[in-house]
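Have a look at the structure below, then the notes.
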Amino acid sequence: MKIGIIGTGHIGASLVRKLSEAGHDVKVANSRGPETIADDLLTHGARAVTAEQAATDVEVLVLSVPLSAIPGLADLVKRLLEQATVVETSNYYPQRDGAELLPEGIVESLWVSEQLGRPVAKAWNAIGSASLATNGRPQGAEGRIALPVAADRDQDKKIAMQLVEQTGFDAHDAGSLAESWRQQPGTPCYGTDLTLEQLPAALAAADREQAPVRRDIIVQIFTTWLGAGTNPDAEWGVAMARLVECGPDFQF
Ligand SMILES: NC(=O)c1ccc[n+]([C@@H]2O[C@H](COP(=O)([O-])OP(=O)(O)OC[C@H]3O[C@@H](n4cnc5c(N)ncnc54)[C@H](OP(=O)(O)O)[C@@H]3O)[C@@H](O)[C@H]2O)c1
């Protein structure tokens, strides 16, 4: 498929590597220009382009940018054909994105869809960057991590689930965008590296009021130990997320 990826940070870089290695025709952009994109991202044929070019003539556009950058990308996204699939990996962290960015209680992916004026699929948002980079496994491998995928259009969900599988993870249909609060930060499936057997129970156990509380506890813990903006390694990050988000009774 022809895929544009905007964002070459913790998540975007892994998606560029994995999706180009899987044989897709990948164009990639960041905010600073193609000349700033590292050569080691382009080893499987991905091409560094401007953000405008990344959103032109593609079947899939992946947005892996801070949530606060989404409104500024709306004009680019309008270049896409109506049937193209936009996959977004966003999560809302008020500490990073601004406390006023989202109306209280709004589902994050619905807000993204509204900002962009088109349907989106939500995928790869619920895995930490270290696990995404290193813990993918082939289909059928024991203990393969499963990731929730939410979307309102069948074609978007199907494509996003296929791409998730190709990056080394089982894809789980997590329902509509309206239900995707169940995969937001602070919920039991978020950053906890669960399997396909465990994931449905985690989504069902999500607590909408407690999720932001638990999200902020985890930010505090990570900031205390690592400093602001540093992502944890996979093992410690998952252990901390399981402790805070899943509680003592969850069956792993
Ligand atoms: N980190 C995680 O563990 C994790 C896990 C799951 C989901 N997420 C979510 O995924 C998204 C990306 O996270 P991340 O950790 O990969 O972020 P990151 O490391 O900060 O990288 C963000 C990327 O977005 C690019 N960008 C920002 N504004 C842009 C714009 N206006 N136009 C084009 N590119 C722009 C940046 O460009 P420059 O390189 O030029 O600065 C950078 O490449 C966030 O919403 C985050 O919450 C993160």
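Bear in mind that the values in this text are calculations on the coordinates, not laboratory data. Worth saying up front: this structure is predicted, and the values here are computed from it rather than measured. So basically every Cβ, Gly included, is an ideal-geometry build from the backbone, and we count neighbours across all protein chains shown.
Being among the polar types (S, T, N, Q) and more than 10 Å from the ligand (Cβ to nearest atom) is the filter; apply it to the stretch 121-158 and report the residue that is nearest to SER176 (Cα to Cα). Before the answer, list the steps.
Restricting attention to the stretch 121-158, the residues satisfying the condition of being among the polar types (S, T, N, Q) are 125, 129, 131, 134-135, 139, 155.
Narrowing the set further to residues that are more than 10 Å from the ligand (Cβ to nearest atom) leaves 134-135, 139, 155.
Details: THR134: 29, ASN135: 27, GLN139: 25, GLN155: 13 Å.
Among them, the one singled out is GLN155.
Can you pull out the residues in the stretch 177-191 that are in a loop (DSSP other than H, G, I, E, B) and under 14 Å from the mean Cα position of the chain (by Cα)? Give the derivation first.
Pass one, the stretch 177-191, residues in a loop (DSSP other than H, G, I, E, B): 184-191.
GLN184, PRO185, CYS189, TYR190, GLY191 - these are the residues of the stretch 177-191 that are in a loop (DSSP other than H, G, I, E, B) and under 14 Å from the mean Cα position of the chain (by Cα).
Against the definition (under 15 Å from GLY9 (Cα atoms) and either more than 11 Å from the ligand (Cβ to nearest atom) or under 21 Å from the mean Cα position of the chain (by Cα) (or both)), how does GLU88 come out, yes or no? Let's see the steps before the verdict.
Details: under 15 Å from GLY9 (Cα atoms): yes; either more than 11 Å from the ligand (Cβ to nearest atom) or under 21 Å from the mean Cα position of the chain (by Cα) (or both): yes.
Answer is yes for this residue.
Considering GLY168, GLY191, GLY140, GLY186, the condition of being on the phi > 0 side of the Ramachandran plot and surrounded by fewer than 20 Cβ atoms within 10 Å (Cβ to Cβ) is satisfied by GLY140 alone. On the basis of being within 7 Å of the ligand (Cβ to nearest atom) and under 14 Å from the mean Cα position of the chain (by Cα), does GLY72 make the cut? Against the criterion (within 7 Å of the ligand (Cβ to nearest atom) and under 14 Å from the mean Cα position of the chain (by Cα)), GLY72 does not qualify. Among residues belonging to the stretch 1-49 that are within 20 Å of ILE70 (Cα to Cα) and of a type in the set (Lys, Arg), point out the one that is farthest from the ligand (Cβ to nearest atom). That would be LYS27.
Only residues that are in a helix (DSSP H, G or I), free of Cβ contacts under 8 Å to residues at least 60 places away in the same chain and either closer than 28 Å to ALA178 by Cα or within 13 Å of the ligand (Cβ to nearest atom) (or both) were counted in the stretch 221-235, giving 2. Reported count of residues in the stretch 149-160, each being surrounded by fewer than 22 Cβ atoms within 10 Å (Cβ to Cβ) and touching a residue at least 12 places away in the same chain (Cβ under 8 Å), is 3.
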